Amino acid sequence: MTSPKPPRGRSTEILHTGYRPPEGFGSLTTPIHHASTVTFTDVASMRARDWRNKDSYTYGLHGTPTTFTLEERIAVLDGGEHTILTPSGLAAIALVNLSLLKSGDHLLLPENVYNPSRDLGASLLASWGISVTQYDPAEAGAVVERMTPSTRLMWIESPGSVTMEVADVPALVAAARSKGVLTAIDNTWSASLFFAPFAHGVDIVMQALTKYPSGGSDVLMGSVTTRDLKLYEKLKLGHMRLGLGVSGDDAYLVLRGLASLKSRLAQHEQGAHKVARWLEGRPEVAQVLHPALEDCPGHAFWKRDYRGAGGLFSFVLDRSIPQEKVDAMVDALELFQIGYSWGGAVSLAIPYLMQEVRTNKPWNRGSLVRLSIGLEDPEDLTTDLAQAFSKL
Ligand SMILES: Cc1ncc(COP(=O)(O)O)c(C=O)c1O
């Protein structure tokens, strides 16, 4: 009798799951399959095919062996069963909303939500009769009060990608479940390496693969993962109806990035920690918003539920420093580039006008600068910050 194989780690599985090349064509890469029109050997086989099955083509929009391989690997990474790819992270958010909500439904968004997601709720969703209420992610105990009999879905973003507060995800999920409300989490910050939402009862895990899984700052992609087959089928129907296919070339870039995800994240984490500690010691800085630091809002939840931190965090400058000086400091940075998005090899800095992002927290009153720490030597980054701080 052969003994059962021991379970493998996710770092192994995201390299080995999925694509099997044809006999005699073995290599270590997944070929890029291009397909819009696909062909069938005869009418009977054309009629027998079902677009939901991944074992053969029905139409290029529904996927190719390249995109199916990436879907399987992201499902492993997220700890789920079924993954759908979308042309951007924002498209993944839209897919969830558009597939699961209808006119008359109510949606809950956290106050720290990615701003374009808030905008989608306030514009298109509102115009289609879907109402949206925001809740304070720091007050999980009060979220039930925001629910109505029409609430269908609650998004969670932890930590918030600008304000960085970590949510009590198990408590939010418990509140949602008590009212039969589905939960979806934007898990981009942790890249699903540092936080396992399904283990905490979340129904849908979304990631912007644009960030850490790609790592290249050169491709846009999003993913939506579930464990529940019925939920997956609803989302898959929405994906098909909205025509949100992704190209094999882009999927290849993410597959390539995925192989080094764990080691890159370890370096991002180490660098960010060093830069954050350096900022803590600066008199110009009122607060460093890094989930692994003790005074970050929600740090206790991070400590309880997370296995690490990536490279994205923010700091708030003393409120006596005017915005023009903060902008001049950011302009003076030489290694840090000024840019939205994050998760690539080159460090980024971006100043936020907090009044536009979130108004009701004390740490929001000073000027906030968000940093995405890349893969440079952290000492070079603190030297760069030190010379730029002279502008303050
Ligand atoms: C937290 C978060 N979610 C989603 C997205 C959207 O990803 P994409 O840029 O691929 O649309 C972003 C982009 O910056 C983000 O920061």
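The values are calculated or read from the model by the stated rules, or taken from the named source; none is laboratory data. Keep in mind that what you see is a predicted model, and the values were worked out from it rather than measured. Using ideal geometry, Cβ is built from the backbone for each residue, glycine included, and neighbour counts are taken over all protein chains shown. These area figures cover heavy atoms from the full protein model, side chains too; ligands, DNA and RNA do not enter into them. Shrake-Rupley method; radii C 1.70, N 1.55, O 1.52, S 1.80 Å.
Step by step: first the residues of segment 209-230, then only those that are hydrophobic (A, V, I, L, M, F, W, C) and within 16 Å of Gly79 (Cα to Cα), then the one that is nearest to the ligand (Cβ to nearest atom). Which residue is that?
Here the residue is Leu209.
May I ask you to list the residues in segment 269-303 that are more than 20 Å from Val162 (Cβ to Cβ) and part of a helix (DSSP H, G or I)?
Hits for segment 269-303 are Gln270, Lys274, Arg277, Trp278, Ala300, Lys303.
Tell me whether segment 115-134 contains one or more residues that are charged (D, E, K, R) and farther than 30 Å from Ala199 by Cβ.
Yes: one or more hits.
For every residue, the table says whether it meets (1) in a strand (DSSP E or B); (2) within 28 Å of Glu294 (Cβ to Cβ).
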| site | (1), (2) |
| --- | --- |
| Glu165 | no, yes |
| Ala171 | no, yes |
| Gly180 | no, no |
| Ile185 | yes, yes |
| Lys211 | no, yes |
| Gly216 | no, no |
| Lys234 | no, no |
| Leu237 | no, no |
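Report, ordered by the first and then the second residue, all pairs with beta carbons closer than 9 Å, sequence separation of six or more or different chains, a first member in segment 77-97 that is in contact (Cβ under 8 Å) with a residue 40 or more places away in the chain and charged (D, E, K, R), and a second member that is open to solvent by 10 Å² or more (accessible area, probe 1.4 Å) and part of a loop (DSSP other than H, G, I, E, B).
Asp78/Ala196; Glu81/Arg227; Glu81/Asp228
Quick check on this structure: which one of Ala349, Ala309 is touching a Gly at 6+ places or on another chain (Cβ under 9 Å) and either of a type in the set (Phe, Trp, Tyr) or within 16 Å of the ligand (Cβ to nearest atom) (or both)? I'd like the intermediate steps shown before the answer.
On the way: Ala309 fails: touching a Gly at 6+ places or on another chain (Cβ under 9 Å).
Just a single option satisfies the conditions, and that option is Ala349.
Name the residue, out of Leu107, Leu153, that is open to solvent by less than 40 Å² (accessible area, probe 1.4 Å), in contact with a Leu (Cβ under 6 Å, 6 or more places away or on another chain) and under 18 Å from Asn187 (Cα atoms). Talk me through it step by step, then tell me what you get.
On the way: Leu107 fails: under 18 Å from Asn187 (Cα atoms).
Every option except Leu153 fails the conditions.
Restricting segment 110-131 to residues that are more than 16 Å from the ligand (Cβ to nearest atom) and buried (at least 21 other Cβ atoms within 10 Å of the Cβ), which is farthest from Ala176 (Cα to Cα)?
Top of the filtered list is Leu125.
What is the number of the single condition among (1) surrounded by fewer than 22 Cβ atoms within 10 Å (Cβ to Cβ); (2) within 17 Å of the chain's Cα centre (by Cα); (3) outside any loop (DSSP other than H, G, I, E, B) that Leu220 does not meet?
(3)
Could you check, for segment 140-152, whether at least one of its residues is part of a strand (DSSP E or B) and more than 16 Å from the ligand (Cβ to nearest atom)? Quick ask: steps written out before the conclusion?
We begin by selecting, within segment 140-152, every residue part of a strand (DSSP E or B); these are 151-152.
From what's left, more than 16 Å from the ligand (Cβ to nearest atom): 151-152.
So far as segment 140-152 goes, yes, one or more of its residues are part of a strand (DSSP E or B) and more than 16 Å from the ligand (Cβ to nearest atom).
Looking at Gly89, Gly104, Gly60, Gly80 in this structure, which one is of a type in the set (Gly, Ala, Ser) and modelled with pLDDT under 95?
So the residue among Gly89, Gly104, Gly60, Gly80 that is of a type in the set (Gly, Ala, Ser) and modelled with pLDDT under 95 is Gly60.
Can you find a residue that is within 23 Å of Lys303 (Cα to Cα), within 16 Å of the ligand (Cβ to nearest atom) and among the polar types (S, T, N, Q) anywhere in segment 90-99?
For segment 90-99, residues within 23 Å of Lys303 (Cα to Cα), within 16 Å of the ligand (Cβ to nearest atom) and among the polar types (S, T, N, Q): absent.
Search segment 161-181 for residues being open to solvent by 10 Å² or more (accessible area, probe 1.4 Å) and within 18 Å of the chain's Cα centre (by Cα), and hand back the single one that is nearest to the ligand (Cβ to nearest atom).
Ser161
Report yes if some residue within segment 254-265 is modelled with pLDDT of 95 or more, farther than 26 Å from Gly216 by Cα and of a type outside the set (Phe, Trp, Tyr); otherwise report no.
Taking every residue of segment 254-265 in turn, none turns out to be modelled with pLDDT of 95 or more, farther than 26 Å from Gly216 by Cα and of a type outside the set (Phe, Trp, Tyr).
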